[in-house]
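Just so you know, all these numbers are worked out from the coordinates, no wet-lab data involved. What you see is a predicted model, and the numbers here were worked out from it, not measured in a lab. Cβ coordinates were reconstructed from backbone atoms using ideal geometry, including for glycine residues, and neighbour counts include every protein chain displayed.
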Amino acid sequence: MTSIGGASGMVDWNLAVATATRLVRPGPEVSRDEARAVVAELRRHAKASEEHVREYTRMGGEDIRDTPVLVVDRAGWVRANVAGFRQILSPLLDKMQERRGAGPGQAVLGTVGGKVTGVELGMLLSFLASRVLGQYETFAPASRHLPAGENGGRLLLVAPNIVHVERELDVAPHDFRLWVCLHEETHRTQFSAVPWLRDHLEGEIQSFLSETEVDPMTVLERVREAAQSLSGGRPEGEEGEGRSLVELVQTPAQREILARVTAVMSLLEGHADYVMDGVGPAVVPSVAEIREKFQQRRAKGASRLDAALRKLLGLDAKLRQYRDGERFVRAVVKEVGMDGFNRVWTSPNTLPTKAEIAKPADWVARVHRKAES
């Protein structure tokens, strides 16, 4: 991962990867044979989930775009995400580099700052790498070790984290692994069956980033605050504690874009939860037990430090997206059926707004009654 262009001075990406892989906690103890068996089973479940999800959602056909499924360890997740972050953030980092200027001493300061930011980004990634069970990478660039689909995209299943959680919850491993794959396969189906969705979401994200007018050091300071939370370096009650990184850099225009992106993400996450629970009873015998224990785990959270960092990173908002989005999908399917719900994938204009996520009947009225009138 050699540096490219002006963005090279803002973040030392190689150092971010090295720091994260050095700091990330080891996964659960498994023998080599056990590890091979877990990987093989996850691959089988991912393949089986394709048919289950597509039949249940009625999405996709023979022409559906295919994307690879990769079973990775925590270090592999870090490398994949650094590559994705680097691609999507490159325009913003180039812009920040230009604003910083090229005066005397800036090259030296840039190198030092890039390394500091690389270390701190690595700390954050090491925290997240032990928590993610699976992830559909929408904007993944292909590499020799990490292939991606023709237009980007790949599904990651983080084997050690799945094993860790299934042991923590004391649930049937076979059932839990399939349950996780059903959720992640739904995301894969969303983007592979709806060709315009990736470009739409990328456009929204780039519009959000292009509106960023804060001083570069302000953005880097937010990363530093989050990193210090990991080590307990921020005093309790310090101003700004508990605010997410996104909230700290918003302009009025960004807030409008963020509302649209939040609605889309709520839809995608809620749809995946709905499908996972809908398919589950037929193919996952212990789905009720798994769902109950997993929800308790989400609600309970972890230490105060962990909770503070989750809020700072905006992860609390992601949990709300699961809940609010699932309620939206459930209400719409109940009202107009699965085929009626699938009108949501027609175009960007049929996506729900943030207000409609909270009031599904308004989406039904806008999309269905307007179409029928």
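Figures for the structure shown
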read-out	value
Order of Trp13, Trp363, Trp345 under a 10 Å beta carbon neighbour criterion, fewest first	Trp345, Trp13, Trp363
Residues Leu268, Leu197, Leu157 arranged by fewest to most Cβ contacts within 10 Å	Leu197, Leu268, Leu157
Packing rank of 79-88, 252-261, 352-361, where each peptide gets the mean count of other beta carbons within 10 Å, highest leading	79-88, 352-361, 252-261
Residue-count net charge about Ser130 - beta-carbon cut-off 9 Å; Lys, Arg +1, Asp, Glu -1	+3
Ranking of Arg32, Arg188 by count of other Cβ atoms within 10 Å, fewest first	Arg32, Arg188
